[in-house]
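First comes the structure, then the notes that go with it.
The values are calculated or read from the model by the stated rules, or taken from the named source; none is laboratory data. Here the structure is a predicted model, which means the values were calculated and not measured. FYI the Cβ positions are ideal-geometry reconstructions off the backbone, even for glycines, and counts take in every protein chain you see.
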Amino acid sequence: MTDDLSFTAAQYAYEYYDTYIDYEPCPFSDNSVNVVVGPYIHSIICILGLVGNSLVILTYALYKRTKSMTDVYLLNVAIADLLFVLALPFIVYNELYSWPMGQVACKLLRGSYSVNLYSGMLMLACISTDRYIAIVQARRSFRLRSLSHSRIICALIWMFALMVSVPTFHFYHWYEPSHNDIVWFNGTEEEETTDPQYVCEWKFGDIDTARIVKVGVPSTQLAIGFFLPLLIMIFCYTAVIITLQKARNFQRHKAVRVVMVVVLVFIACHLPYNLALLYETVRLFKHTDCDEQDSLHTAMSVLQTVAYLHCCLNPLLYAFIGVKFRSHFRRIFQDLCCLGKRYIAPRRLPIDGTNEDGTSFSM
């Protein structure tokens, strides 16, 4: 698409301005950052996330039984991340080009994207809570930690993620923006005669609804999808580190480093983007010039990509870093070497004791 028609998802968020406020739309330029981030970096994220999370799911399905609450949470995190990366290519395509798949696919794609985002982040908070109970509250862990409880919690999280995603399902529409009929050349408008360009973006019936949703949805994402999991992780892992530091045990001190890596990676991936999202939400209804909007759009694209990287790192941080999980992971490659067999028979390691007293942080 040429620069005069390269309207992106960030600009369509201001679609109601064309109807209610006399501002001309800003044709964001396809600079080199957006061109690289869109098709190339996101493709790498999709491939790595698809491979890593598929291996986690495959390991739990064929080689490792879910014997603890952490196992159940890890499996659900992998499922959420896998669905997330499967939806990502379509999201990127929609932001770079037009949306050809119609209304139903538009709503399902954007809605499922939101559901997987919330569920994945809340599952990470559940993992930190489970580690806190297993290590800090070890005496009560056998009573509090059970597979039935973890499955109920996961089901509640998925239902809650679906509930908070209802506005996304409802207000995303497949439509042709009104400013697609106009091309702006140095402040002069001309009629556009090319084929209509449909998008899958927010669409509102009135400015009051637009104001509520465009503030409410990002605010909910910030509160529930980032700050709540972050606070839970900081509280739980701080208590875990204090408890492990009291133990004169090499494995426990090694576990402290693992905990710190988990928290720091989470903050490094998600904090910059969420701060930018907070800034964008605060200034959403303030009129700014096109250069500032273009700079913010570029920064949001880059920081959002950094946040997306976390779905690729989750399998490394939460699954493959564990000694037991790595042994199961090696079995996958051992069986994949036997391609001459009629099928790959699922092989399980001898069942270990399920006592988790916190001597290591392996999952």
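Residue-by-condition table, conditions (1) of a type in the set (G, A, S); (2) outside any helix (DSSP H, G or I); (3) loosely packed, with under 13 Cβ neighbours inside 10 Å; (4) at pLDDT below 90:
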position	(1), (2), (3), (4)
R139	no, no, yes, yes
L162	no, no, no, no
T168	no, no, no, no
V183	no, yes, no, yes
F204	no, yes, no, yes
K214	no, no, no, yes
Q221	no, no, no, no
Notebook entry, point to check: What number goes with the only condition from (1) at pLDDT 85 or above; (2) of a type outside the set (A, V, I, L, M, F, W, C); (3) in contact with a Leu (Cβ under 9 Å, 6 or more places away or on another chain); (4) closer than 29 Å to A138 by Cβ that K324 does not pass?
Noted result: (1)
Item checked: Enumeration of residues in segment 109-135 that are over 18 Å from V240 (Cβ atoms) and either in contact with a Pro (Cβ under 9 Å, 6 or more places away or on another chain) or without any contact (Cβ under 8 Å) to a residue 12 or more places away in the chain (or both) -> S114, M121, L122
Next item on the list: Taking L108 as meeting all but one of (1) closer than 20 Å to Q221 by Cα; (2) in contact with a Phe, Trp or Tyr (Cβ under 7 Å, 6 or more places away or on another chain), write down the number of the exception.
Entry: (2)
Checklist line | Single residue of A276, A299 found to be touching a helix residue (DSSP H, G or I) at 6+ places or on another chain (Cβ under 7 Å), modelled with pLDDT of 90 or more and of a type in the set (A, V, I, L, M) | finding: A276
